[in-house]
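**Q** My questions will all concern the structure given below.
The values are calculated or read from the model by the stated rules, or taken from the named source; none is laboratory data. If you're wondering where the values come from, they're calculated on a predicted model, not measured in any experiment. Note: ideal-geometry Cβ built from the backbone for every residue, glycine included; neighbour counts use all protein chains shown. Heavy atoms of the whole protein, side chains included, go into the accessibility calculation; ligands, DNA and RNA do not. Shrake-Rupley method; radii C 1.70, N 1.55, O 1.52, S 1.80 Å.
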Amino acid sequence: MNINTKNDRAAWLEGSSTQCELPVERQSRLRLVLLGAPGVGKGTQAHLLNQRLGACHLSTGDVFRAASSRAECDQTPAMKQAMEYMRRGALVPDATVWEMVRERCACIRCAGGFILDGFPRTLAQAESLKMLMEGEGNLAQRRG
């Protein structure tokens, strides 16, 4: 069963300026997190799962790569901050990575769910994601 969607990941790469175009909201959204060392196939598996399940493939690595190829005036504030760290050869701090994810919060709320690839990488990032997801659960309960 291959789900055909119009999700071209533009919203994830660009930030809050665009939206995913998934056709139908599901009863329960898929929320998958792929963990592993660089090069073990998280991106490959996320792509395959995206094709099969229709959930958005969200990769922080893709956001970093997209930011580095954009003009500075086209970067979001968090992208600019991340690029400053990367130019110095320093690790991007959790707070900046989290801000890049927060700028794309609409993708986390996608009707088709999400497949996170490369995030969270640290306990602090995982705790931030957990708080966001718990907040989303509370929001859904209030609506229902």
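**Q** Which residue, of Leu132, Leu49, is closer than 16 Å to Arg31 by Cα, open to solvent by 30 Å² or more (accessible area, probe 1.4 Å) and touching a strand residue (DSSP E or B) at 6+ places or on another chain (Cβ under 8 Å)?
**A** Leu49 is the lone residue from the list that is closer than 16 Å to Arg31 by Cα, open to solvent by 30 Å² or more (accessible area, probe 1.4 Å) and touching a strand residue (DSSP E or B) at 6+ places or on another chain (Cβ under 8 Å).
Matching residues to (1) within 16 Å of Arg29 (Cβ to Cβ); (2) open to solvent by less than 30 Å² (accessible area, probe 1.4 Å); (3) touching a residue at least 24 places away in the same chain (Cβ under 8 Å):
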{"position": "Thr96", "(1), (2), (3)": "no, yes, no"}
{"position": "Glu99", "(1), (2), (3)": "no, no, no"}
{"position": "Glu103", "(1), (2), (3)": "no, no, yes"}
{"position": "Pro120", "(1), (2), (3)": "no, yes, yes"}
{"position": "Glu127", "(1), (2), (3)": "no, no, no"}
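**Q** Something else now. When residues of region 65-124 are filtered for being of a type in the set (A, V, I, L, M) and farther than 20 Å from Leu35 by Cα, how many remain?
**A** Total meeting the criteria: 11.
**Q** Something else: Need the failing condition index for Val33 against (1) touching a strand residue (DSSP E or B) at 6+ places or on another chain (Cβ under 8 Å); (2) under 14 Å from Val101 (Cβ atoms); (3) crowded, with 17+ Cβ neighbours inside 10 Å, just the number.
**A** (3)
**Q** Okay, moving on. Going through region 36-80 one residue at a time, which ones are among the hydrophobic types (A, V, I, L, M, F, W, C) and touching a residue at least 12 places away in the same chain (Cβ under 8 Å)?
**A** Ala46, Leu49, Leu53, Ala55, Cys56, Leu58, Val63, Phe64, Ala66, Ala67, Ala78, Met79
**Q** Of the residues in region 66-79, how many are of a type outside the set (S, T, N, Q) and either under 20 Å from Ala106 (Cα atoms) or buried (at least 18 other Cβ atoms within 10 Å of the Cβ) (or both)?
**A** 6
**Q** Of everything in region 80-94, what is open to solvent by less than 50 Å² (accessible area, probe 1.4 Å) and over 23 Å from Lys42 (Cα atoms)? Give them in sequence order.
**A** Those that are open to solvent by less than 50 Å² (accessible area, probe 1.4 Å) and over 23 Å from Lys42 (Cα atoms): Met83, Ala90.
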